[in-house]
Amino acid sequence: MAKIPLSARLAVPLAATAAAVTAVLIATTGVADAGTTLGASAAEKGRYFGTAVAVNKLSDSVYVGILNREFNSVTAENEMKWDATEPNQNSFNYTNGDRLVSHAQANGMKVRGHALAWHQQQPGWTSSLSGTALRNAMLNHVTNVATHYRGKIDSWDVVNEAFADGNSGARRDSNLQRTGNDWIEAAFRAARAADPGAKLCYNDYNTDGQNAKSNAVYAMVQDFKARGVPIDCVGFQSHFNAQSPVPGDYRANLARFAALGVDVQITELDIEGSGTAQANNFATVVNACLAVARCNGITVWGIRDSDSWRASGTPLLFDSSGNKKAAYTSTLNALNAGSPPPSSPGQSSPGTPPSSPPVTSSPPPTGNGCTASVSINQWNNGFVVTVRVTAGASAINGWNVALTLPSGAAVSNSWNATASGTSGAVRFANVSYNGRVAAGQSTEFGFQGTGTAGSLTPGCTSS
């Protein structure tokens, strides 16, 4: 009899035990253990685990079966890009994007919008435009598409791949860049006005470690935060292979962006390879995200290897027949072993801001007016506070949040609000685009500070 490795000898009884436990859970509760799928396990950690979806594959039963079982977020692979949504100037087509959104809503999935402004996959008619005409066309496109999907998108890739490769740290020379260096800012402001509830992201590749390109993106985000330009998240595409492996400072790079007061998201993950090496690389990426409190989601760029734009490199979690690969198992194991959601007390990770539990002023309001709640990321002599303002039974047209910082703590910058005061009793008022909040709905603002935030109890007044 051939010698069977210990891991293989353990696999059968362990699998049988797991199956038995799952069967009992299904029989007694009607649902499987949350830790048995990628999306459910990520949700237990306060995050999403998503995939890019091609709408033309929604008729593939194997594809849809995996999609609905494993993922709790979707990104439109091509259906929301400029050429797809505005094939003729000021004539919009949302058919395929709407189909994806409907599928996501029917299955309880978040939707990441991708992408409002990009130098590629532009419709042919843009080639005849430049300068002010192109700028206005871009802003009109952003406004119309974001307005159409208002309230349905969790996060938008507002601008995609605007920085050059190499060591220059410069902006990419594109037709959009040639409309003026403020074009990215203009796109973000237009997106915020059109869809105030969506998180607005900048997305790029080859920014996964600290280098000239990621430093340039970092400087832009830092500048946007300092000047109140609306930006809520940064996407790291994370396309890896032997020539471009997972950087050794991947986690530290995510953490330094998060410390600016933005969420970080892994947006287009695929890792070429196979077997143990590929499995270990996927686990490394997942563990890096779980170690950073504001890394709130991971998206793989496709479901099966055959669905990938890099199919020959077999870079995904399922093989071309839809079978789970070793990389799937390592990814799920990493998710299941991860720490509780960022808002859970007592959890921290070296080199990243640990999270304090949210402090809520009161339950969601049932009367008029507003309430506010806070969540705090505290690290050595610094912190980031995110404040959620929730309207009561009636819509509000403006809000003001007051809180008192402990001695030694001071506000260094804020976003999505106008701050009054930097220490002690401080106040934050809405800005033009987020003052009106519908009944029972919420908006968020944030601020970064020095010192120790302690426990903060916000008070909210409305107008």
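The values are calculated or read from the model by the stated rules, or taken from the named source; none is laboratory data. This structure is a prediction, so every number in the text was calculated from the model and none was measured. Cβ sites come from the backbone with ideal geometry, for glycine too, and all protein chains shown count toward neighbours. To get the accessible areas, we keep the full protein, side chains included, count just its heavy atoms, and leave off ligands, DNA and RNA. Shrake-Rupley method; radii C 1.70, N 1.55, O 1.52, S 1.80 Å.
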Kindly provide the set of residues from the range 299-309 that are in a loop (DSSP other than H, G, I, E, B) and either open to solvent by less than 30 Å² (accessible area, probe 1.4 Å) or in contact with a strand residue (DSSP E or B) (Cβ under 6 Å, 6 or more places away or on another chain) (or both), ordered by number. Trp301, Gly302, Ile303, Ser308
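Results for (1) among the small types (Gly, Ala, Ser); (2) more than 22 Å from Val62 (Cα to Cα), shown as yes or no for each residue.
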residue	(1), (2)
Leu260	no, yes
Gln278	no, yes
Ala283	yes, yes
Ala288	yes, yes
Ala311	yes, no
Leu317	no, no
With the first residue restricted to the range 39-61 and required to be under 22 Å from Gln237 (Cα atoms) and open to solvent by 30 Å² or more (accessible area, probe 1.4 Å), and the second required to be at pLDDT 95 or above and not in a strand (DSSP E or B), Cβ contacts under 6 Å at 6 or more apart or on different chains are Ala43/Asn72
The range 252-298, residues that are surrounded by fewer than 22 Cβ atoms within 10 Å (Cβ to Cβ) and hydroxyl-bearing (Ser, Thr, Tyr): Ser274, Thr276, Thr284
Please go through the range 292-315 and pick out each residue that is among the hydrophobic types (A, V, I, L, M, F, W, C), within 22 Å of Leu254 (Cα to Cα) and in contact with a helix residue (DSSP H, G or I) (Cβ under 8 Å, 6 or more places away or on another chain). Val292, Ala293, Cys295, Ile298
Whether any residue in the range 57-71 is modelled with pLDDT of 95 or more and among the acidic types (Asp, Glu) is what I want to check. yes
Of all residues making up the range 387-437, the number that are in contact with a helix residue (DSSP H, G or I) (Cβ under 7 Å, 6 or more places away or on another chain) and part of a strand (DSSP E or B): 2
Note on the range 218-240: residues open to solvent by 20 Å² or more (accessible area, probe 1.4 Å) and either touching a Ser or Thr at 6+ places or on another chain (Cβ under 9 Å) or part of a helix (DSSP H, G or I) (or both) are Tyr218, Ala219, Gln222, Asp223, Ala226, Arg227, Gly228, Asp232
Hits in the range 390-437 - residues which are at pLDDT 90 or above and under 24 Å from the mean Cα position of the chain (by Cα): Thr390, Asn430
Within the range 78-96, which residues are in a loop (DSSP other than H, G, I, E, B), without any contact (Cβ under 8 Å) to a residue 40 or more places away in the chain and open to solvent by less than 60 Å² (accessible area, probe 1.4 Å)? Glu79, Pro87
